[in-house]
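Have a look at the structure below, then the notes.
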Amino acid sequence: MPRRPRIEPFLLVIVDDDQHAFSVVGPMSDDTDWNNRVCEAQAKGREVRCHAPGRSQTRQQIIDYFQKSGFKYDSGLVI
């Protein structure tokens, strides 16, 4: 059986526009669970989203960017 190519670990940003909050999770190599949670929350009317920023961005750079944009950092953000 052929091997799958190795996926480099990445960070994932979870943004809750309803609460104007965000979290940075990872590093991870599979964001399926988070994507499913976000889709389920969106289906219930929540304004939430997630994305993987460029690999060159550090966790602290991501946090600084969102905080400067007025979002509150919440390491325990629940979606």
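The values are calculated or read from the model by the stated rules, or taken from the named source; none is laboratory data. The structure presented is a predicted model; accordingly, all values stated were derived computationally and were not measured. When we count neighbours, we look across all protein chains shown, and the Cβ atoms used for this are built from the backbone with ideal geometry, even at glycine.
Looking only at region 26-48, which residues are assigned to a loop (DSSP other than H, G, I, E, B) and among the polar types (S, T, N, Q)? SER29 - this is the single residue of region 26-48 that is assigned to a loop (DSSP other than H, G, I, E, B) and among the polar types (S, T, N, Q). When residues in region 49-79 are screened for being of a type in the set (Phe, Trp, Tyr) and either loosely packed, with under 10 Cβ neighbours inside 10 Å or part of a loop (DSSP other than H, G, I, E, B) (or both), 1 of them pass. Count of region 39-59 residues, restricted to those that are within 14 Å of the chain's Cα centre (by Cα) and either modelled with pLDDT under 95 or not small (Gly, Ala, Ser) (or both), is 12.
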